[in-house]
1. Could you list, in sequence order, all residues of the range 38-54 that are small (Gly, Ala, Ser) and either within 11 Å of residue 21 (Cα to Cα) or assigned to a helix (DSSP H, G or I) (or both)?
2. Checking residue 31 against (1) at positive phi; (2) at pLDDT 85 or above: exactly one of these is not met. Which one?
3. Does any residue in the range 1-26 that is outside any loop (DSSP other than H, G, I, E, B) come within less than 8 Å, Cβ to Cβ, of a residue that is of a type in the set (S, T, N, Q) and open to solvent by less than 90 Å² (accessible area, probe 1.4 Å) six or more places away or on a different chain, and which pairs are these?
4. Could you list, in sequence order, all residues of the range 48-65 that are modelled with pLDDT of 65 or more and surrounded by fewer than 13 Cβ atoms within 10 Å (Cβ to Cβ)?
5. Within the range 35-47, restricting attention to residues that are open to solvent by less than 40 Å² (accessible area, probe 1.4 Å) and free of Cβ contacts under 8 Å to residues at least 24 places away in the same chain, which residue is farthest from residue 10 (Cα to Cα)?
Amino acid sequence: MDLDATPCTPDDLAVLDRLRTPMWIVDLPHAWRWWCNRAGLAMWNAPSLPEWIGRNTLHPRRPPR
(Lines give C-alpha, C1' and ligand atoms only; values in the text may rest on other atoms or scores of the structure.)
Protein backbone atom coordinates (compact mmCIF):
# COMPACT_ATOMS: atom_id res chain seq x y z
CA MET A 1 0.00 0.00 0.00
CA ASP A 2 1.37 3.41 -0.96
CA LEU A 3 0.78 6.21 1.50
CA ASP A 4 0.39 9.76 0.28
CA ALA A 5 3.34 11.84 1.49
CA THR A 6 1.35 15.08 1.23
CA PRO A 7 1.06 16.75 4.67
CA CYS A 8 -2.37 16.61 6.26
CA THR A 9 -4.31 19.86 6.64
CA PRO A 10 -7.12 20.74 9.05
CA ASP A 11 -9.54 20.59 6.10
CA ASP A 12 -8.54 16.94 5.57
CA LEU A 13 -9.76 16.20 9.10
CA ALA A 14 -13.16 17.88 8.77
CA VAL A 15 -14.93 14.51 8.55
CA LEU A 16 -13.78 13.78 12.12
CA ASP A 17 -15.99 16.64 13.36
CA ARG A 18 -18.92 14.25 12.99
CA LEU A 19 -17.58 11.99 15.74
CA ARG A 20 -18.86 12.28 19.29
CA THR A 21 -15.48 11.17 20.60
CA PRO A 22 -13.13 14.04 21.45
CA MET A 23 -10.01 14.00 19.30
CA TRP A 24 -7.09 16.38 19.11
CA ILE A 25 -3.67 16.49 17.53
CA VAL A 26 -0.69 18.07 19.20
CA ASP A 27 2.91 18.41 18.10
CA LEU A 28 4.62 16.94 21.16
CA PRO A 29 8.22 17.90 20.32
CA HIS A 30 7.18 21.54 19.90
CA ALA A 31 4.43 21.43 22.58
CA TRP A 32 1.77 23.16 20.50
CA ARG A 33 -1.82 22.36 19.60
CA TRP A 34 -2.58 21.74 15.95
CA TRP A 35 -6.17 20.50 15.53
CA CYS A 36 -9.24 19.44 17.54
CA ASN A 37 -12.67 18.16 16.50
CA ARG A 38 -15.95 19.70 17.73
CA ALA A 39 -16.36 17.12 20.51
CA GLY A 40 -12.85 17.95 21.70
CA LEU A 41 -13.57 21.67 21.62
CA ALA A 42 -16.64 21.04 23.79
CA MET A 43 -14.55 18.96 26.20
CA TRP A 44 -11.92 21.72 26.45
CA ASN A 45 -14.67 24.41 26.74
CA ALA A 46 -13.30 26.19 23.68
CA PRO A 47 -15.66 28.19 21.45
CA SER A 48 -13.50 27.72 18.32
CA LEU A 49 -10.43 25.97 16.97
CA PRO A 50 -8.39 29.21 16.76
CA GLU A 51 -9.20 29.98 20.40
CA TRP A 52 -8.19 26.48 21.51
CA ILE A 53 -4.94 26.68 19.51
CA GLY A 54 -4.32 30.09 21.07
CA ARG A 55 -4.25 28.47 24.49
CA ASN A 56 -0.75 27.15 23.84
CA THR A 57 1.07 28.02 27.01
CA LEU A 58 4.65 27.08 26.20
CA HIS A 59 4.70 28.35 22.63
CA PRO A 60 1.92 30.84 21.86
CA ARG A 61 2.66 30.88 18.12
CA ARG A 62 2.85 28.03 15.67
CA PRO A 63 6.39 27.04 14.75
CA PRO A 64 7.43 27.63 11.13
CA ARG A 65 6.90 24.76 8.74
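The values are calculated or read from the model by the stated rules, or taken from the named source; none is laboratory data. Quantities reported herein were computed from a predicted structural model and do not represent experimental measurements. As a convention, Cβ positions derive from the backbone with ideal geometry for all residues, glycine included, and neighbour counts pool all protein chains shown. Heavy atoms of the whole protein, side chains included, go into the accessibility calculation; ligands, DNA and RNA do not. Shrake-Rupley method; radii C 1.70, N 1.55, O 1.52, S 1.80 Å.
1. 39, 40, 42, listed by residue number.
2. It fails just one condition, (2).
3. 13/37; 16/37; 17/37; 24/37
4. 48, 50, 51, 54, 55 - these are the residues of the range 48-65 that are modelled with pLDDT of 65 or more and surrounded by fewer than 13 Cβ atoms within 10 Å (Cβ to Cβ).
5. 46
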